[in-house]
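For reference, the structure discussed in these notes is given below.
The values are calculated or read from the model by the stated rules, or taken from the named source; none is laboratory data. This is a predicted model, so every value here is computed, not measured. Cβ placement follows ideal geometry from the backbone for every residue including glycine, while neighbour counts extend to all protein chains displayed. Remember, those area values only see protein heavy atoms, side chains included, never the ligands or the DNA or RNA. Shrake-Rupley method; radii C 1.70, N 1.55, O 1.52, S 1.80 Å.
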Amino acid sequence: MPEGPAPAPVTQRLRVRYAKRGRMRFTSHRDISRAVERAVRRAGIPVAFSAGFSPHPKISYTGAAATGVASEAEYLEIGLTTHRDPDQVRTALDAVLPDGLDVVEVVEAGAGALADRLEASRWLVRLDGVAPDVADAAVHAFMAAGEIEVERLTKKGRRRFDARAAVIACEVDRRATQDTDVDCAILRMVVRHTTPAVRPDDVLTGLRQVADLAPPSPPMVTRLAQGPLDDSTGELTDPLASDRQTAPAGDDAAASADAVRATAPDAVGAQS
């Protein structure tokens, strides 16, 4: 058994929504976790540590986007040994994180596991060099298919799985395409979280299979949101909504939450 006093217990759990923007989309999850740990130390946040011979900070990540993908909705949870104001933690943490890792919101964790609420993701995929009409025809062929098997290398080796079943919605955003000054197609899709996970690149593989859609350059992929899925509408809801309801209420807190929701990206250039 390791010697010394037992680590201080967790007295507060905070849930953090952060964005991965610009060049930071090419950073691996391991490097992001290291950056967060350094930022927590620099910000003086009283993070709790595990027991044992190799104590580590109690910071957990849920549903992290793949390397090379930008995101406006990444989530982590931090266990603290003393209570802190969530908004002060957001400000302090955001000030010391690298540019492109931006803290959007911090709330005190309520009951239930955050991972259970992240049922689906909304994605924006920009395909430069692809005409919207061509992309639209490919999307219609994809959505009309009953099953589309794709193959990908996973941690358990090469696996084949159905990429179609997880896609709740997929369409070409012609309004966003009109706002660009280059020839491109903008896809918006809602994809259910499954095992193995169906990622936007798997959907693109399916589009190539059913309609020979092959973009001349790598796609630009941004996760716009992830959260509970309303099966009746196919829309996502806010995974932190119930945490805000259980947190101390106040006009300032409500105004801050409304401001955060208003800044959710809905633009083509989110990865620039």
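Among the residues of the stretch 37-60, is there at least one that is part of a helix (DSSP H, G or I), open to solvent by less than 30 Å² (accessible area, probe 1.4 Å) and not hydroxyl-bearing (S, T, Y)? Please lay out each step first, then the result.
Narrowing the stretch 37-60 to residues part of a helix (DSSP H, G or I): 37-42.
Add one more test, that the residue is open to solvent by less than 30 Å² (accessible area, probe 1.4 Å), and what stays is 39-40.
Imposing the further condition that a residue be not hydroxyl-bearing (S, T, Y) reduces the set to 39-40.
Checking the stretch 37-60: at least one residue is part of a helix (DSSP H, G or I), open to solvent by less than 30 Å² (accessible area, probe 1.4 Å) and not hydroxyl-bearing (S, T, Y).
Of (1) over 17 Å from E74 (Cα atoms); (2) in a strand (DSSP E or B); (3) open to solvent by 20 Å² or more (accessible area, probe 1.4 Å); (4) touching a helix residue (DSSP H, G or I) at 6+ places or on another chain (Cβ under 9 Å), V150 satisfies all except one. Which?
Here V150 clears every test but (3).
Scanning the stretch 88-140 for residues that are among the small types (G, A, S), open to solvent by less than 50 Å² (accessible area, probe 1.4 Å) and touching a strand residue (DSSP E or B) at 6+ places or on another chain (Cβ under 6 Å), which turns out farthest from D173 (Cα to Cα)?
Filtering first and then ranking leaves A109.
Quick check on the stretch 210-223. Is at least one of its residues part of a helix (DSSP H, G or I), surrounded by fewer than 20 Cβ atoms within 10 Å (Cβ to Cβ) and modelled with pLDDT of 95 or more?
Narrowing the stretch 210-223 to residues part of a helix (DSSP H, G or I): 210-211.
Okay, now just the ones that are also surrounded by fewer than 20 Cβ atoms within 10 Å (Cβ to Cβ), so 210-211.
From what is left, the residues that are modelled with pLDDT of 95 or more are 210-211.
Yes, the stretch 210-223 has at least one match.
List the residue pairs whose Cβ atoms are under 9 Å apart, where the first residue sits in the stretch 141-155 and is without any contact (Cβ under 8 Å) to a residue 60 or more places away in the chain and of a type in the set (K, R), the second is open to solvent by less than 50 Å² (accessible area, probe 1.4 Å) and part of a strand (DSSP E or B), and the two are 6 or more positions apart or on different chains.
R152/F161
Out of the residues in the stretch 100-147 that are assigned to a strand (DSSP E or B) and of a type in the set (K, R), which is nearest to F26 (Cα to Cα)?
Going residue by residue through the stretch 100-147, those that are assigned to a strand (DSSP E or B) are 101-108, 120-128.
Going one step further and asking which of them are of a type in the set (K, R), we end up with 122, 126.
Numbers: R122: 20, R126: 17 Å.
Step by step, filter the stretch 100-147, then rank; the result is R126.
Residue by residue through the stretch 162-171, note down the ones that are over 22 Å from L127 (Cα atoms) and either outside any strand (DSSP E or B) or at pLDDT below 95 (or both). Full working, then the answer.
Of the residues in the stretch 162-171, the ones over 22 Å from L127 (Cα atoms) are 162, 165.
Across the stretch 162-171, the qualifying residue is only A165.
What residue, of A113, A95, A109, is closer than 23 Å to G227 by Cα and touching a helix residue (DSSP H, G or I) at 6+ places or on another chain (Cβ under 9 Å)?
Working: A113 fails: touching a helix residue (DSSP H, G or I) at 6+ places or on another chain (Cβ under 9 Å); A95 fails: closer than 23 Å to G227 by Cα.
So the residue among A113, A95, A109 that is closer than 23 Å to G227 by Cα and touching a helix residue (DSSP H, G or I) at 6+ places or on another chain (Cβ under 9 Å) is A109.
For the stretch 153-168: of the residues being of a type in the set (V, I, T) and touching a strand residue (DSSP E or B) at 6+ places or on another chain (Cβ under 6 Å), which is most open to solvent (accessible area, probe 1.4 Å)? Explain how you work it out, then say what you get.
Step one: of the stretch 153-168, the residues of a type in the set (V, I, T) are 154, 167-168.
With the extra rule that they be touching a strand residue (DSSP E or B) at 6+ places or on another chain (Cβ under 6 Å), the set shrinks to 167-168.
On the way: V167: 6, I168: 57 Å².
Residue satisfying both the conditions and the ranking: I168.
Exactly one condition in (1) buried (at least 18 other Cβ atoms within 10 Å of the Cβ); (2) without any contact (Cβ under 8 Å) to a residue 12 or more places away in the chain is not met by D31; state its number.
With (1) buried (at least 18 other Cβ atoms within 10 Å of the Cβ); (2) without any contact (Cβ under 8 Å) to a residue 12 or more places away in the chain applied to D31, the lone miss is (1).
Evaluate the following for L207: is it within 27 Å of R21 (Cβ to Cβ), in a helix (DSSP H, G or I) and open to solvent by less than 50 Å² (accessible area, probe 1.4 Å)?
Numbers: within 27 Å of R21 (Cβ to Cβ): yes; in a helix (DSSP H, G or I): yes; open to solvent by less than 50 Å² (accessible area, probe 1.4 Å): yes.
Criteria met by L207.
Restricting to the stretch 37-70, what's the tally of residues that are under 27 Å from T91 (Cβ atoms), under 16 Å from the mean Cα position of the chain (by Cα) and in contact (Cβ under 8 Å) with a residue 40 or more places away in the chain?
So the count comes out to 5.
If I ask for residues that are open to solvent by 20 Å² or more (accessible area, probe 1.4 Å) and farther than 28 Å from C184 by Cα, which ones from the stretch 230-246 would you list? Don't jump to the end; show me each part of the working.
Going through the stretch 230-246, the residues open to solvent by 20 Å² or more (accessible area, probe 1.4 Å) turn out to be 230-233, 235-238, 241-242, 244-246.
Passing the criteria: D230, D231, S232, T233, T237, D238, A241, S242, R244, Q245, T246.
Is at least one residue of the stretch 152-163 among the polar types (S, T, N, Q) and more than 30 Å from Y18 (Cβ to Cβ)? Spell out how you get there, then give the answer.
Here is the first cut: in the stretch 152-163, the residues among the polar types (S, T, N, Q) are 154.
Now restrict to residues that are more than 30 Å from Y18 (Cβ to Cβ): none.
So far as the stretch 152-163 goes, no, none of its residues is among the polar types (S, T, N, Q) and more than 30 Å from Y18 (Cβ to Cβ).
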